[in-house]
1. By what distance, in whole Å, do the Cα atoms of the range 41-110 stretch along each of the three principal axes, largest value first?
2. Out of PHE67, PHE47, PHE29, any idea which swings most in a Gaussian network model of the chain, alpha carbons joined below 10 Å?
3. For the chain, what mean projected area does the convex hull of the alpha carbons give, in nm²?
4. Between THR118 and ASN73, what is the FRET efficiency for a Förster distance of 30 Å, r being their Cβ-Cβ separation, to the nearest 0.05?
5. Quick one: if the Förster radius is 41 Å, what FRET efficiency do THR101 and LEU11 give, using the C-beta to C-beta distance and rounding to 0.05?
6. For THR57 and GLN3 in one chain, what is 0.36 nm times their gap in residues minus the Cα-Cα distance, to one decimal in nm?
7. Would you work out what percent of the accessible area of the chain, with all protein chains in place, is carbon or sulfur (probe 1.4 Å)?
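The values are calculated or read from the model by the stated rules, or taken from the named source; none is laboratory data. This structure is a prediction, so every number in the text was calculated from the model and none was measured. Positions of Cβ are generated from backbone atoms using ideal geometry, with glycine treated the same way; all protein chains shown enter the neighbour counts. Please note that ligands, DNA and RNA were not included when accessible areas were found on the heavy atoms of the full protein model with its side chains. Shrake-Rupley method; radii C 1.70, N 1.55, O 1.52, S 1.80 Å.
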Amino acid sequence: QVQLVESGGGLVQPGGPLRLSCAGSGTIFNIYNMGWYLQAPEKQCDFVAVISHGGATNYSDSVEGRFTISRDNAENTLSLQMNSLKPEDTAVYYCSEDARTTVYGSMSQYWGQGTQVTVSS
């Protein structure tokens, strides 16, 4: 079983920075893409950023240039450095990873429980 735990959320003023972290644990054979998603109140879950095992990254248009995703493959950790935060970034942020737990098992997507980010003065 794979478990992901996010941390680092909180209240921040507009224009400020915040860093989210995600720690993974469990029996894992291999991890592929890792990513961040958000869900604002009364809205669907949206893509924020993704990073491949090799370090290739992709961002949503709304965060490109402001957010930076990174990962540590040896530690199974994922981070999201968020700069120049805006009130519209307010949401619950979820980390996710695509992982295979056994050599012959199928790849599945796993999710954390989420961490609240509130951008407000």
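1. Projected onto the principal axes, the Cα atoms of the range 41-110 cover 44, 27, 19 Å.
2. So, out of PHE67, PHE47, PHE29, the one fluctuating most is PHE29.
3. Details: hull surface 28.8 nm².
Average of the hull's projected areas for the chain equals 7.2 nm².
4. Details: r = 31 Å, r/R0 = 1.03.
Computed FRET efficiency for THR118 and ASN73: 0.45.
5. On the way: r = 36 Å, r/R0 = 0.88.
Computed FRET efficiency for THR101 and LEU11: 0.70.
6. That works out to 17.2 nm of additional length.
7. On the way: 3110 of 6500 Å².
Ligands and nucleic acids excluded, carbon and sulfur give 48 percent.
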